[in-house]
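S.K.: Pasting a structure below so you can have a look.
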Ligand code: SF4
């Protein structure tokens, strides 16, 4: 593999795009996504920051993404090239990473290696670019990122991304001067200044909403879909969720006219994005506006208790084939414990609506291993699935092991255990078998959920373990060994699973703290 091969691969990605920004500017920075292109272009946050940074006079932001086969690219000595300029990322004065979740830390390490930049900030000097990170992960626990980056932009980066780049340019891209300039500004976590104490997340000015796609491409996971925010945040209080009402004041709604006016004429597929889009008071008018324009529609978050004939009818007209909702708790009891308002009656109605409107599948997201869950909750899910498949004969469950996140009432609760999760998945598999193909289980890995947990609840030692594990081949066994070698215990772990009443007390304390503005 040669430099030319890397160039051709990048060129092939860009060739299918509409909306690529080709800008001449005195200053250029690299906007790096530590997952492959198809994921990068399906990230509305990444697209929004790309659009906003390129609106700044005199500044251009060029994208770079993790190669599909990062190991092969590293072995072949490929440089990481920007998509717009086909220039090595290592030549830029500043790299800004967008990190969505814990397991992308390995991708960030790969990107730095491909850019020829030492992974650890402590090993870099003034010859190296500045490294900044932001993105959804910063709402929960960014501390494992600390060894690798100079600055972390916390929470909503719509304004802060432009601010940090402007300040970095003003101080001549000098690390110490940048840290001095940022140390008293809100919204930044500076690992060498703040230690493991993470300041409060930033909140963007509502005038910058809605976030919108800049680029349409068939190469995205959401092929050729124009994404636009309909709402930001959520007003509900699920106790495991970082986007709950205590984050940045709950849900902020984008007016119908603003959502619809921003959709370009060329967009044939429109994705309405937000933590709780169906809680938008005018969601039906928005969906009708999209569908009446002859477009397909997608919604990132359907709430079962918000669906009715009118909305599902519109979704069916807009090309829906699968009606997807989240239930999260395996039983009515567990949903009450985690304050998830979805009930069996809502799920049965969802399945009935899917059947009535000719949709192929009802899909339900579920967590297992939630604190306080027992085998009886799993048995209840198996029994209830029998009721669901009588209503709609194709039900799929996307099942993920519960991972406790920072800034939630369940922060610090233990991982259920790989064996427990695998045993419960196995029980579900066997339980669903009696429904003869009408109920399908689509689980995610318990092992990698445990790795996610170690990072979600860990500190810098957990972050450093990722480098060790990655250098040792990146297998699950390598991670296990690396966490043990670094003594990377979850820092907030409790000795035992809290009872339901303890969880309710925790929840009350968090709500009170949030009301007090803490
Ligand atoms: S899980 Fe969904 S409904 Fe619950 S708080 Fe989070 S975004 Fe809101």
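The values are calculated or read from the model by the stated rules, or taken from the named source; none is laboratory data. The structure presented is a predicted model; accordingly, all values stated were derived computationally and were not measured. So basically every Cβ, Gly included, is an ideal-geometry build from the backbone, and we count neighbours across all protein chains shown.
S.K.: Among the residues of segment 272-297, how many are surrounded by fewer than 19 Cβ atoms within 10 Å (Cβ to Cβ) and either within 16 Å of the ligand (Cβ to nearest atom) or not in a helix (DSSP H, G or I) (or both)?
M.R.: Step one: list which residues in segment 272-297 are surrounded by fewer than 19 Cβ atoms within 10 Å (Cβ to Cβ), which gives 281-282, 284-285, 292-296.
Okay, now just the ones that are also either within 16 Å of the ligand (Cβ to nearest atom) or not in a helix (DSSP H, G or I) (or both), so 281-282, 293-296.
Total meeting the criteria: 6.
Matching residues to (1) under 20 Å from residue 178 (Cα atoms); (2) surrounded by fewer than 18 Cβ atoms within 10 Å (Cβ to Cβ); (3) in contact with a helix residue (DSSP H, G or I) (Cβ under 8 Å, 6 or more places away or on another chain):
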{"site": "112", "(1), (2), (3)": "no, no, yes"}
{"site": "118", "(1), (2), (3)": "yes, yes, yes"}
{"site": "122", "(1), (2), (3)": "yes, yes, yes"}
{"site": "131", "(1), (2), (3)": "yes, no, yes"}
{"site": "142", "(1), (2), (3)": "yes, no, no"}
{"site": "145", "(1), (2), (3)": "yes, no, yes"}
{"site": "148", "(1), (2), (3)": "yes, no, yes"}
{"site": "151", "(1), (2), (3)": "yes, no, yes"}
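S.K.: Sort through 63, 28, 51, 38 and tell me the only one that's in a strand (DSSP E or B) and under 23 Å from residue 270 (Cβ atoms).
M.R.: Numbers: 28 fails: under 23 Å from residue 270 (Cβ atoms); 51 fails: in a strand (DSSP E or B); 38 fails: in a strand (DSSP E or B).
After applying the criteria, what remains is 63.
S.K.: Anything in segment 81-114 that is in a loop (DSSP other than H, G, I, E, B), in contact with a strand residue (DSSP E or B) (Cβ under 8 Å, 6 or more places away or on another chain), touching a residue at least 60 places away in the same chain (Cβ under 8 Å) and farther than 21 Å from residue 48 by Cβ? List them, or say none. Working first, answer last.
M.R.: Taking segment 81-114 first, the residues in a loop (DSSP other than H, G, I, E, B) are 82-87, 92-93, 99-101.
Of the ones still in play, those that are also in contact with a strand residue (DSSP E or B) (Cβ under 8 Å, 6 or more places away or on another chain) are 82-85, 87, 92-93, 99.
Imposing the further condition that a residue be touching a residue at least 60 places away in the same chain (Cβ under 8 Å) reduces the set to 82-84, 92-93, 99.
Passing the criteria: only 93.
S.K.: If you go through segment 180-195, how many residues are surrounded by 18 or more Cβ atoms within 10 Å (Cβ to Cβ) and assigned to a helix (DSSP H, G or I)? Before you say what the answer is, go through the steps one by one.
M.R.: Taking segment 180-195 as the starting set, the residues that turn out to be surrounded by 18 or more Cβ atoms within 10 Å (Cβ to Cβ) are 182, 187-191.
If we keep only those that are assigned to a helix (DSSP H, G or I) too, we end up with 182, 191.
Total meeting the criteria: 2.
S.K.: Within segment 226-234, can one find any residue that is free of Cβ contacts under 8 Å to residues at least 24 places away in the same chain and either within 30 Å of residue 343 (Cα to Cα) or part of a loop (DSSP other than H, G, I, E, B) (or both)? Please lay out each step first, then the result.
M.R.: Pass one, segment 226-234, residues free of Cβ contacts under 8 Å to residues at least 24 places away in the same chain: none.
No, every residue in segment 226-234 fails to be free of Cβ contacts under 8 Å to residues at least 24 places away in the same chain and either within 30 Å of residue 343 (Cα to Cα) or part of a loop (DSSP other than H, G, I, E, B) (or both).
S.K.: Can you confirm whether segment 251-259 contains a residue that is more than 14 Å from the ligand (Cβ to nearest atom), assigned to a strand (DSSP E or B) and touching a helix residue (DSSP H, G or I) at 6+ places or on another chain (Cβ under 6 Å)?
M.R.: For segment 251-259, residues more than 14 Å from the ligand (Cβ to nearest atom), assigned to a strand (DSSP E or B) and touching a helix residue (DSSP H, G or I) at 6+ places or on another chain (Cβ under 6 Å): absent.
S.K.: What's the number of the condition residue 322 fails, among (1) within 20 Å of residue 366 (Cα to Cα); (2) surrounded by 15 or more Cβ atoms within 10 Å (Cβ to Cβ); (3) in contact with a strand residue (DSSP E or B) (Cβ under 6 Å, 6 or more places away or on another chain)?
M.R.: The single condition residue 322 does not satisfy is (2).
S.K.: Further question on the same structure: From the set of residues in segment 326-356 that are touching a helix residue (DSSP H, G or I) at 6+ places or on another chain (Cβ under 7 Å) and assigned to a loop (DSSP other than H, G, I, E, B), which is surrounded by the fewest Cβ atoms within 10 Å (Cβ to Cβ)?
M.R.: Among them, the one singled out is 341.
S.K.: Going through 212, 232, 269 one at a time, which residue ends up being at pLDDT 95 or above, within 16 Å of the ligand (Cβ to nearest atom) and within 22 Å of residue 49 (Cα to Cα)? Steps first, please.
M.R.: Working: 212 fails: within 16 Å of the ligand (Cβ to nearest atom); 269 fails: within 16 Å of the ligand (Cβ to nearest atom).
The unique qualifying residue is 232.
S.K.: Could you tell me which of the residues 64, 12, 75 is free of Cβ contacts under 8 Å to residues at least 60 places away in the same chain and touching a strand residue (DSSP E or B) at 6+ places or on another chain (Cβ under 8 Å)? Steps first, please.
M.R.: Numbers: 12 fails: touching a strand residue (DSSP E or B) at 6+ places or on another chain (Cβ under 8 Å); 75 fails: touching a strand residue (DSSP E or B) at 6+ places or on another chain (Cβ under 8 Å).
Unique residue meeting the criteria: 64.
S.K.: Kindly indicate the residue of segment 302-319 that is more than 11 Å from the ligand (Cβ to nearest atom) and either in a loop (DSSP other than H, G, I, E, B) or without any contact (Cβ under 8 Å) to a residue 24 or more places away in the chain (or both) and also surrounded by the fewest Cβ atoms within 10 Å (Cβ to Cβ) among those meeting that condition. Break it down stepwise before answering.
M.R.: Taking segment 302-319 first, the residues more than 11 Å from the ligand (Cβ to nearest atom) are 307-319.
Applying the additional criterion that residues be either in a loop (DSSP other than H, G, I, E, B) or without any contact (Cβ under 8 Å) to a residue 24 or more places away in the chain (or both) yields 307-308, 318-319.
Numbers: 307: 20, 308: 10, 318: 21, 319: 13.
Only one residue fits best here, namely 308.
S.K.: Let me ask something additional. Only residues that are buried (at least 22 other Cβ atoms within 10 Å of the Cβ) and closer than 17 Å to residue 31 by Cα: list them for segment 159-179, please. Full working, then the answer.
M.R.: The initial filter retains those residues of segment 159-179 that are buried (at least 22 other Cβ atoms within 10 Å of the Cβ), namely 160-161, 164-165, 168, 178.
Correct list: 160, 161, 164, 165, 168.
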